Structures are given as C-alpha cells and as structure tokens.
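Structure record follows, encoded as structure tokens.
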Amino acid sequence: GGTFIATIDSERRRLITGNHSATHLLHAALRQVLGTHVVQKGSLVDDNRTRFDFAHFTKVTDEEVEKIEAIVNQKIRANIVLDEKRNVPIEEATAMGAMALFGEKYGEYVRVITFDPEYSVELCGGTHVKATGEIALFKIETETSVAAGVRRIEAITADNALKHFNDKLQVINSVHALLNNPKDLVKGVQDLLDQKQELERRLDGMMIEKARAIKAELMQQITERNGVSVVTQKIELPSAEAIKNLCYEMKRQIDNLYMVLGSEIDGKAHLSVVISEQLVESKKLDAAKIVRELAKEIQGGGGGQAFYATAGGKNAAGLDAALAKATALLD
C-alpha cells in the first residue's frame with residue numbers, strides 16, 4: 001500500500017551517457033588504428049570513466065594511443081548527430097554492418113546506434129548522447145593487459161577529462177615556478193637532473209675515498225687473539241651498502257678475520273659482523289648468531305649468513321656495549 005517515487009540523477013546520467021557513447025567511438029577508433037581483429041571482450045561504464053576490454057595481441061604503443069585519442073576527439077568535435085533505429089530486424093541490422101557487443105544476446109528485432117555510418121554502427125541498448133559534441137573531451141588514462149590476447153583501456157571524458165588536464169597543468173606550473181620560470185621547461189628539468197647526476201658522482205667518489213681511509217685505519221686496529229685477526233670498531237659511513245663493501249674487502253685481504261663494525265645511519269644503530277670462512281669451519285663461529293646476540297644491546301634484530309650478517313636497532317647509544325660484547329664472545 002506504500003507510495004514510491006522513482007527518480008533519475010540527471011547529472012550522473014549525463015556523465016554515464018557521455019562515457020557510454022565515447023566507448024562506441026573508442027571501439028571504432030581501435031579498429032581503425034589497430035586492425036579489424038579488434039572486438040569488444042567486455043566493458044564497464046559509470047559516471048567516472050569508461051573501461052573497455054578488447055582483443056589484441058600486443059601492447060598498444062604510445063603513438064597508437066595518441067592516434068586513437070585524436071580520432072575520438074575529432075569525432076567529438078564533429079558533433080555527429082546520433083542516428084538511433086529501433087525494432088530493426090536482426091538481418092537488416094547485420095546488413096547495415098552493425099557490430100554486436102560481446103556477451104549480448106539479441107532477439108529478432110534490435111536497436112542500432114550509429115555515429116556516422118562510415119565510422120560506428122553497433123547494436124546497443126544503452127543510453128547515448130544526442131550528438132557527439134556532448135561528450136566534450138576524451139582522454140585515455142591507462143592501457144593494460146588483463147588476459148592473454150586481451151587488452152584494457154580506461155578513459156575519462158567531459159568534466160573528469162578537463163580536471164585531468166587542469167591537474168597536469170597545475171603540476172607543470174608548479175615545476176616551472178620551482179625552476180624559476182625557465183623559457184624551456186624540459187631543458188630546465190634536464191639541467192637539474194644533470195646537476196644531480198654530477199653531484200652523485202662526486203659524492204660516490206668522496207664515499208670511496210672515505211671508505212679507503214677507514215679501511216686503512218681498521219687495518220691498523222687489527223689485534224691477534226689465538227690466531228684470530230680481531231677488529232671491533234665504530235665507523236662513519238652513510239649507507240649499509242658502503243659498509244658491506246668495506247666488510248667484503250677486509251675479508252678478502254685479511255686471513256682469519258673476525259670483524260664487528262658499528263655505525264649510526266639515519267639516526268639508527270647498525271651492526272655488521274664478518275667472519276672468514278676458515279673461522280666458520282675451524283672455530284664454528286656464526287655471524288648470524290653473533291649479530292642476533294649483539295642486537296640486544298641496540299634494541300633491534302638481525303640475521304644473515306655464517307660469514308656475514310647485519311642488524312639494526314633504535315638504540316644507537318648501545319653500540320659501544322655491543323662492540324664490547326663482540327670481543328667478549330671470543331673468550
């Protein structure tokens with residue numbers, strides 16, 4: 001006995017209508033650019049975007065995407081008037097060259113949607129713009145693979161497409177301002193990247209020199225204990241990778257090496273334990289077990305292999321205690 005009122009969200013319907021009609025224009029453009037083997041394998045249209053799956057054997061290149069977009073937008077600007085025919089016998093529709101949509105079942109009579117009989121003629125029961133100009137603008141956002149021989153394009157139209165370009169323009173303007181408004185923005189960015197690369201090259205050189213100096217100092221710190229070359233030291237290097245390289249260089253040059261290095265990287269404690277394979281075999285030393293024990297002093301954890309292991313922790317103040325324990329573990 002209740003009363004119900006059914007209403008349509010006209011703005012949402014407008015956006016869905018534009019996206020749906022854009023899918024027809026996209027389908028035709030794909031066949032024109034990629035080949036007539038392209039057929040629809042699925043789609044999803046809502047008020048935000050259109051998603052179109054189609055048969056194709058390889059990735060759609062950037063150049064092909066650009067051509068497809070250009071064709072669709074040209075058809076939009078042409079403001080092609082919708083030609084809608086209802087209750088068309090299926091044989092007559094087929095003779096008109098109408099394409100059937102994937103997964104659809106058709107009866108004896110069908111609805112034919114045409115945007116230029118030389119461009120797009122399809123069987124469709126969906127909602128459509130009265131003329132392609134209502135779509136306003138078309139932009140492909142992504143092109144991906146969804147299955148073997150099936151590609152997917154996701155695209156936006158109208159307000160969302162305009163927002164896409166405005167957002168991109170805002171980013172470009174921000175970059176332009178950050179670079180002090182160069183006449184050639186691309187050259188300005190490239191110059192900045194070149195400067196960054198040069199600074200990184202210089203920094204790498206400085207790091208190599210610093211590592212060499214630390215290595216020379218460590219060589220002087222080696223003590224012999226029962227046939228074991230022992231080094232336990234705090235060092236300053238900016239990355240775990242640089243420390244690892246130093247450890248491997250020391251291991252290659254020093255026989256029976258047992259070395260534990262402590263450092264602070266980005267405010268956190270870092271421990272490295274490196275042990276010569278001879279000691280791993282003869283004295284059953286295990287760097288992974290040792291570093292886990294040492295990590296307790298820096299409130300952290302770690303692991304690795306028997307000859308090389310690392311640990312990290314939040315208590316950099318515990319590095320001295322960890323190094324002292326490392327020496328005591330040999331007793």
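Quick one: pull the percentage of alpha-carbon pairs in the chain with a separation above 25 Å.
When every Cα pair of the chain is considered, 68 percent fall beyond 25 Å.
Counting only chymotrypsin sites (Phe, Trp or Tyr not before Pro) that are in a DSSP loop and have at most 13 other C-beta atoms within 10 Å, tell me the longest site-free stretch of the chain. Answer from the scan: 103-331. Relative to the longest principal Cα axis of the chain, at what angle does helix 158-178 sit, 0 to 90 degrees, rounded to 10? Approximately 40 degrees, to the nearest ten.
Determine the relative contact order of region 172-316: mean sequence separation of Cα pairs under 8 Å and six or more apart, normalised by residue count, in whole percent.
15 percent
Within the straight-line cut-off of under 24 Å between alpha carbons, the lysines reachable from Lys210 are Lys196, Lys234, Lys244, Lys251, Lys268, sequence neighbours fewer than 8 places apart in one chain being disregarded. With R₀ set to 51 Å, the beta-carbon distance separating Glu63 from Glu224 gives a calculated FRET efficiency near 0.15. Surface composition of the chain: carbon plus sulfur atoms contribute 51% of the solvent-accessible area (1.4 Å probe, protein chains only, all chains present).
Coupling constants for region 189-194 follow from the phi torsions by the Karplus curve (6.51 cos²θ - 1.76 cosθ + 1.60, θ = phi - 60°), and in residue order they are 5, 4, 4, 5, 5, 5 Hz; glycine and proline get x.
State whether region 203-305 is rounded, prolate or oblate according to the following rule on the C-alpha gyration tensor (a ≥ b ≥ c being the square roots of its eigenvalues): a/c under 1.5 gives rounded; otherwise a/b larger than b/c gives prolate, and the remaining case gives oblate. Oblate. Loop-located trypsin sites (Lys or Arg not before Pro) in region 247-292 (DSSP state other than H, G, I, E, B) with a sparse environment of at most 10 neighbouring Cβ atoms within 10 Å: Lys284. Taking the Cα of Arg13, stepping 7 Å toward and past its beta carbon, and measuring to each backbone N in region 103-142: which are under 11 Å? Within reach of a label on Arg13: 127-128.
On the beta carbon distance between Thr3 and Lys187, with R0 = 56 Å, the FRET formula returns roughly 0.25.
Enter the accessible area per residue of the chain (Å², integer; probe 1.4 Å; all protein chains in place). Intermediate results must be reported in sequence, preceding the final value.
Values: 18990 Å² over 331 residues.
I get 57 Å² per residue for the chain.
Please determine, in degrees from 0 to 90 and to the nearest 10, the orientation of helix 62-77 with respect to the longest principal axis defined by the Cα atoms of the chain, where the helix direction is its Cα long axis. It is inclined by approximately 30 degrees. Accessible area ranking (1.4 Å probe, heavy atoms, ligands and nucleic acids excluded), largest first, for Leu330, Leu44: Leu44, Leu330.
Between Ile265 and His270, the built amide H atoms are under 5 Å apart, and every one of these is 5 or more places off in sequence or on another chain. Enumerate lysine pairs in region 41-172 that are 8 or more residues apart or on different chains, then count those whose Cα atoms are under 19 Å apart. Total qualifying Lys-Lys pairs in region 41-172 comes to 12.
The values are calculated or read from the model by the stated rules, or taken from the named source; none is laboratory data. No experiment lies behind these values; they were computed from the predicted model shown. Backbone-built Cβ (ideal geometry, glycine too); neighbour counts: all protein chains shown. Heavy atoms of the whole protein, side chains included, go into the accessibility calculation; ligands, DNA and RNA do not. Shrake-Rupley method; radii C 1.70, N 1.55, O 1.52, S 1.80 Å.
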